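Some notes on the structure that comes next.
The values are calculated or read from the model by the stated rules, or taken from the named source; none is laboratory data. Remember, it's a predicted structure, so these values are computed and weren't measured experimentally. Ideal geometry is used to build each Cβ from the backbone, glycine not excepted, and the neighbour counts take in all protein chains shown. Each accessible area value is taken on the protein alone, full model and side chains, heavy atoms only, with ligands, DNA and RNA left out. Shrake-Rupley method; radii C 1.70, N 1.55, O 1.52, S 1.80 Å.
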Amino acid sequence: AEEHREVLRAQLRSKGTKNPADMELYELSQVAGITMDPHVFEILLDLLRKNVAPDAIVEMLRSMCIPAYR
């Protein structure tokens, strides 16, 4: 588990994430079973920081994924 955590930290650092709180949140999402590219994670965080409503982000993601299931 510790080795996996170090790999995740390295991925985030390589993508430019230096904030420890962001890295911990990314690690938490990984432990919860959410597979996400670190770059996508950064984009989502940026949207949340710009006060985009979380519901709007979820709806956007759903609309992007639904055609793939049809």
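What to note about this one:
- Which listed residue is open to solvent by less than 80 Å² (accessible area, probe 1.4 Å), at pLDDT 65 or above and assigned to a helix (DSSP H, G or I), from Glu59, Glu42: Glu42
- For segment 29-39, filtering for residues that are open to solvent by 80 Å² or more (accessible area, probe 1.4 Å) and closer than 17 Å to Asn19 by Cβ leaves 1.
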